[in-house]
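What follows is a set of notes on a single structure, which appears directly below.
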Amino acid sequence: MTVQETIDRCVRCGFCLTVCPTYAIRHDELSSPRGRIVLADAVVNGRIAPSLQTLDTYSECLGCRACESACPSGVLFENVLLYGREQLVEAGATLPATAAVVLWGIRSPLQLRLAQRVWRRWGRLALRLARRLPAVHPALALMRAAPEPDPQPIADSPSPEIVIHRGCMMDVLWEGTNARAVALLQDTGAVAGRLPIEAGCCGALHAHAGKSDVARERAKATIEAFEKSGATTVVSLAGGCGAHLQRYPHLFEGDEAWRDRATRFASAVRDISSLLVERGFAPVQGETCTTYQDSCHLRHGMGVWREPRELLEASGRYSELPSAAQCCGSAGVYNLVHPDVAGEILAAKVGEVTAIAPEVVVTSNPGCELQWRSGVQSTELPVRVQHIVDYLYEQRPERGT
Ligand code: SF4
Ligand code: SF4
């Protein structure tokens, strides 16, 4: 669907305004989904000249897609946002140095391997040093909240039918989580392993930064690695990546051969929670009190929100976080680009956690986990923050009986 077709679907009803985090903060139409759609219409049709000033609202948008779930007309707002971000890049927008370094570092599988080795070797020391320093910069606050290096032996099944998408930051900071996801799937009888290393980053962060050429390059590498693997299903442990993997066909409008391959690939993408539920994974019932932070793209992009809750309810006591469906402020590298807005959103959520007092805040996206760990660390809240795979691994029947 083209940007204009997306824009034309909007009937300007305003239902989306009630769920938009930036509209809630700014109370300004231009900071709302409807305002951003009206602006895109004006830019596409030449009524407003694109510039850093006129397009700034696309930088401020979290890209959380909550507006899509609220929209009765089925507007795929993501199309508008990516158009706006591309226009921003063409107008000369640049990212803060920390975000630019992240995007550069994850671009090549070789660089990711190097980062993985460095983190294994020096991660503990880096964390000790970072935690002694005051969190004077948003990047340092996130760094202090990073998990300890966690390399784990992974027994990939030979010729796996189901492969884990290893991701970029996941494969460096959450190596152990990837390994535990393979083990959980194998517990259900799956012939499971990981996507070959050449796949690297899926390109979601690049696409959301308006760098569509790099996003296409990463998509091609991921599709080729999946085809070579011979697997029939690729599983995402990060909502932001999973929704982007399912969106690959949109990257290849006008390129029929790659579009067909991307369409076949997209139909094979699943998320870990819904697959575990489908395959009958049943955690051991305990007493742990959990709450859950939705991954925006898992919920609003992939439509998965029931299954993680089903698994948590089956594992112990579950309390719903009132704002669980709303973004935590992580949003890719948003917390590095707009730390003030991201911090304001997170502070309100940390207040909710204080009220319901769970033992564990569970997430389905590494970026959300890092954002929450940072919020919990800075407020010294006595709760753990875990990826759903790590939490469920502790509740495996083999371990709990
Ligand atoms: S809810 Fe949908 S149709 Fe209504 S203003 Fe928002 S995007 Fe447009
Ligand atoms: S993606 Fe999120 S922040 Fe952006 S307009 Fe939609 S609801 Fe608002």
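The values are calculated or read from the model by the stated rules, or taken from the named source; none is laboratory data. Given the structure is predicted, the values throughout are model-derived calculations rather than measurements. Don't worry about glycine lacking a Cβ; one is built from the backbone with ideal geometry, like all the others, and counts go over all protein chains shown.
Tell me, yes or no, whether the stretch 333-349 has at least one residue that is within 20 Å of the chain's Cα centre (by Cα), in contact (Cβ under 8 Å) with a residue 60 or more places away in the chain, surrounded by 16 or more Cβ atoms within 10 Å (Cβ to Cβ) and more than 25 Å from GLY105 (Cβ to Cβ). Within the stretch 333-349, one or more residues are within 20 Å of the chain's Cα centre (by Cα), in contact (Cβ under 8 Å) with a residue 60 or more places away in the chain, surrounded by 16 or more Cβ atoms within 10 Å (Cβ to Cβ) and more than 25 Å from GLY105 (Cβ to Cβ).
When the stretch 196-244 is filtered for residues that are assigned to a loop (DSSP other than H, G, I, E, B) and among the aliphatic types (A, V, I, L, M), the ones remaining, listed by number, are ALA209, ALA231, LEU237, ALA238. On the stretch given as the stretch 22-55, residues that are more than 12 Å from ligand 2 (Cβ to nearest atom), surrounded by 15 or more Cβ atoms within 10 Å (Cβ to Cβ) and either charged (D, E, K, R) or touching a residue at least 60 places away in the same chain (Cβ under 8 Å) (or both) total 1. Yes or no: ASP171 surrounded by fewer than 24 Cβ atoms within 10 Å (Cβ to Cβ) and either within 29 Å of TYR334 (Cα to Cα) or acidic (Asp, Glu) (or both)? No: the conditions fail for ASP171. Number of residues in the stretch 56-70 that are more than 13 Å from ligand 1 (Cβ to nearest atom) and either closer than 18 Å to GLU5 by Cβ or free of Cβ contacts under 8 Å to residues at least 60 places away in the same chain (or both) equals 3.
With respect to ALA130, is the statement that it is surrounded by 14 or more Cβ atoms within 10 Å (Cβ to Cβ) and not in a helix (DSSP H, G or I) true?
Taking the combined requirement at face value, the residue does not satisfy it.
Cβ-Cβ contacts under 6 Å between residues 6 or more apart (or on different chains), taken from a first residue in the stretch 173-192 that is farther than 26 Å from LEU127 by Cβ to a second residue that is part of a helix (DSSP H, G or I), are listed as ALA192/VAL182; ALA192/LEU185; ALA192/GLN186.
Residues in the stretch 274-288 that are assigned to a helix (DSSP H, G or I) and either touching a strand residue (DSSP E or B) at 6+ places or on another chain (Cβ under 7 Å) or in contact (Cβ under 8 Å) with a residue 40 or more places away in the chain (or both): LEU275, LEU276. Here ALA93 fits the description: more than 9 Å from ligand 2 (Cβ to nearest atom) and either touching a residue at least 40 places away in the same chain (Cβ under 8 Å) or touching a Cys at 6+ places or on another chain (Cβ under 8 Å) (or both). Of the residues examined, ARG124 is one that is in contact (Cβ under 8 Å) with a residue 24 or more places away in the chain and loosely packed, with under 14 Cβ neighbours inside 10 Å. Looking for something of a type outside the set (D, E, K, R), more than 14 Å from ligand 2 (Cβ to nearest atom) and closer than 27 Å to THR94 by Cβ - is there at least one such residue anywhere in the stretch 3-21? Checked the stretch 3-21: at least one residue is of a type outside the set (D, E, K, R), more than 14 Å from ligand 2 (Cβ to nearest atom) and closer than 27 Å to THR94 by Cβ.
Okay, residues lined up against (1) buried (at least 17 other Cβ atoms within 10 Å of the Cβ); (2) of a type in the set (Val, Ile, Thr); (3) under 15 Å from ILE388 (Cβ atoms); (4) within 16 Å of ligand 1 (Cβ to nearest atom):
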site	(1), (2), (3), (4)
VAL269	yes, yes, no, no
VAL277	yes, yes, yes, no
HIS297	yes, no, yes, no
GLY303	no, no, no, no
ARG306	no, no, yes, no
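Under the condition of being within 19 Å of ALA342 (Cα to Cα) and among the β-branched types (Val, Ile, Thr), which residue from the stretch 1-36 is farthest from ligand 1 (Cβ to nearest atom)? Across the stretch 1-36, the extreme among qualifying residues is ILE25. Might you let me know whether the stretch 246-257 holds any residue that is within 30 Å of LEU311 (Cβ to Cβ), in contact with a Gly (Cβ under 8 Å, 6 or more places away or on another chain), modelled with pLDDT of 95 or more and assigned to a helix (DSSP H, G or I)? So far as the stretch 246-257 goes, yes, one or more of its residues are within 30 Å of LEU311 (Cβ to Cβ), in contact with a Gly (Cβ under 8 Å, 6 or more places away or on another chain), modelled with pLDDT of 95 or more and assigned to a helix (DSSP H, G or I). Scanning the stretch 117-149 for residues being of a type in the set (A, V, I, L, M, F, W, C) and farther than 18 Å from GLU380 by Cα gives a total of 7.
When restricted to residues that are surrounded by fewer than 19 Cβ atoms within 10 Å (Cβ to Cβ) and either part of a helix (DSSP H, G or I) or touching a Leu at 6+ places or on another chain (Cβ under 6 Å) (or both), the stretch 104-115 contains 7. Of all the numbered requirements in (1) in contact (Cβ under 8 Å) with a residue 60 or more places away in the chain; (2) part of a loop (DSSP other than H, G, I, E, B); (3) of a type in the set (Val, Ile, Thr); (4) more than 16 Å from ligand 1 (Cβ to nearest atom), THR98 misses one, and that requirement is (2).
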